[in-house]
1. So what's the projected area for the chain, the Cα convex hull averaged over all directions, in nm²?
2. With θ set to phi - 60°, apply the Karplus curve 6.51 cos²θ - 1.76 cosθ + 1.60 along segment 83-92 and write out the HN-Hα couplings as whole Hz, x wherever there is a Gly or Pro.
3. I need 530, 216 ordered by Cβ neighbour count within 10 Å, fewest first.
4. Mind jotting down the distance between the C-alpha centroids of segment 28-45 and segment 302-336, whole Å?
5. Please name which of 145, 561, 60 has its Cα lying farthest along the dipole of the chain towards the positive end, using unit charges on Cβ (Lys, Arg +1; Asp, Glu -1) and the Cα centre as origin.
6. Projected area of segment 375-425, taken from the Cα convex hull and averaged over every viewing direction, in nm²?
7. Under 5 Å between amide hydrogens, which residues at least 5 positions from residue 516 or on another chain qualify, with H placed 1.01 Å from N in the peptide plane?
8. Restricting to Cα atoms and excluding each atom paired with itself, what does the Kirkwood estimate give for segment 503-562 in Å?
Amino acid sequence: MRLLGLTACLAVVPLALAPAALAQEEPRPLPALTAAPDDALTEALETGELNEAEYALERAASVFELPESREEFGHVDRAGRHDVTLYLRDLALRVDDLAGADRRQAKRILARPPGGDVEIGNGWTHTESIFSPACSAIPGVELCVHWVDFPGDLDAPDPTDDDLDGVPNYVELALGTLENVWAQEIGALGYRAPLSDLTSADNGLDARFDVYLDDLGSDFVFGYCTTDDPNRDSPVIFAVSAYCVLDNDYHPDQFGTAHTPQEFLAVTAAHEFHHASQFAYDWQEDVWLLEGTATNIEETVYPAIDDNVFFLDFFSPITHPAVSLDRGGFGDSEYGAWIFWRYLQEKVAGGDPAILREIWERADSRDPDPNTDGDEPADDYSLLAVRKELTERGLVFADVFARFGIANRRLDYADASTAGYPSAPTSRTWGLGTNQRGARTQSWKINHLATRYFSFVPGPRSSPTGSLRLWITLPRSDTRASLVIVKTDNSVSVRYLKQSATGQSNPRIAFGRGTIKRVDLVLSNGSTRLACWTSFGPPFYSCFGRPLDDARLFTFRAQLSS
């Protein structure tokens with residue numbers, strides 16, 4: 001159990017609280033276990049055969065020892081290639097709840113490759129190079145790359161060494177890539193550098209940040225970061241040191257040909273290094289903030305690679321707008337959420353990525369909120385940190401969220417066309433004309449931080465001078481209705497609808513055949529109200545809370561006018 005300020009625990013409390021209320025503290029539970037497919041391990045957890053700590057151990061072990069896990073438990077799904085950091089977080093948080101052989105196995109899995117003795121995956125079978133690690137000589141860049149110097153070992157990089165300095169070309173490539181990532185994320189963007197690991201029993205020889213090269217591709221893993229910080233179970237401060245592991249070649253036989261090995265190395269290094277920086281703020285944050293901002297920073301550091309567009313296609317607010325933005329636990333939604341962080345950076349902040357760093361500073365567990373007078377506690381959870389940052393900028397969250405939905409509908413992003421962003425789906429379309437002059441009253445339920453799109457299209461027999469009248473009823477004040485009007489020349493205009501005190505809005509729009517191509521009605525539920533630490537899913541949401549405004553009822557009808 002940990003302590004968190006009252007404003008961070010109870011999202012139903014307004015932002016403006018008396019200092020006396022802010023001084024109160026409530027217990028904060030551990031983050032929920034990372035969601036996984038329904039398999040023998042999840043069944044064992046649900047039936048009580050495994051407790052949480054034992055489950056975390058077995059799930060982490062399955063990443064690196066899948067045949068052994070299947071032999072013991074039966075059908076165990078292969079871990080997601082991108083989820084290893086979260087699985088190891090689950091285990092690191094619960095390792096002290098294990099005993100005997102289980103605790104020893106957990107510590108082997110969490111150990112750095114030179115010290116781990118897991119037969120495959122994250123444990124080296126040979127010692128590392130007889131040379132010192134390849135460390136950066138750039139002032140202020142405190143990082144080293146470690147590798148196996150044993151030709152033929154599966155974990156060893158290609159030994160080719162063109163400059164004959166004893167450091168293989170690939171190690172130099174990895175070091176140079178990480179130096180660029182450090183320069184961009186820490187130097188240019190101002191994120192906190194990874195914390196010193198000097199207090200760790202195995203610290204890579206000194207306090208510098210350590211990255212290890214390993215044959216992760218054989219276990220279908222891109223890379224991961226975790227911690228062996230002896231203070232990781234602090235009840236108050238949730239910032240820890242970290243180390244990361246990257247693949248030793250990103251060979252196409254293991255990773256495919258969507259990108260080159262160097263491109264896979266680049267975006268994975270940017271993503272995983274950002275986790276190490278995040279750990280210096282709060283390594284136990286909500287997964288849509290952890291993974292969403294790490295996926296977004298791939299685009300910031302390496303904008304030409306576009307590997308993160310995969311998550312837009314797979315599961316994102318663009319392709320699944322009716323799913324809550326802050327949901328974690330199914331379908332890699334926390335990774336697809338990167339487009340929200342891109343929207344804040346690109347549209348709200350005018351292209352300035354500092355807005356995301358400032359959100360992380362609000363989520364920092366080490367220091368008081370730097371943007372307040374000191375009365376508010378540190379460590380806002382993800383959604384509260386976003387809300388406060390927008391308030392500081394004079395913006396209303398519900399307005400920003402509604403505009404986010406419009407941007408997704410229009411694909412209004414700088415690289416949407418060149419990177420091949422997918423299209424947002426329409427919940428229903430009406431073709432209106434002589435045969436159908438309107439849409440009867442529609443009732444649709446929309447969950448928190450979700451959006452739905454409805455389209456009206458002039459039919460072939462509609463009037464060239466007609467108009468469209470809508471009657472819309474919205475629940476509560478943090479819901480929004482907007483219109484996206486697309487003309488036949490493909491020009492687009494947006495109309496933000498005002499609503500009465502009772503939630504009514506009755507717009508009239510030009511709807512002439514030959515002039516109007518389509519009118520989209522965009523309905524969004526921008527509620528941020530959650531009862532925090534009351535639901536541990538999956539799925540789970542910000543502050544592992546129970547949404548208080550899901551399934552809100554939106555109604556509307558439409559009618560053609562001459």
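Any read-out appearing in this document is the output of simple, stated calculations on the displayed coordinates, not a laboratory observation. Everything numeric here is computed off the predicted structure, so don't read it as measured data. Neighbour counts are summed over all protein chains in view; Cβ atoms, including those assigned to glycine, are modelled from backbone coordinates with ideal geometry.
1. Values: hull surface 112.4 nm².
Here the figure is 28.1 nm², rounded to one decimal.
2. Karplus values, whole Hz, x for Gly and Pro: 9, 5, 4, 6, 4, 6, 4, 3, 6, 4.
3. The order, fewest Cβ neighbours first, is 530, 216.
4. Rounded to whole Å, the Cα centres lie 21 Å apart.
5. Highest projection toward the positive end goes to 561.
6. Details: hull surface 20.4 nm².
Hull-based average projected area comes out at 5.1 nm².
7. Sorted by chain and number, the residues that satisfy this are 488.
8. Values: mean 1/r = 0.0656 Å⁻¹.
Final number for the Kirkwood radius of segment 503-562 is 15.2 Å.
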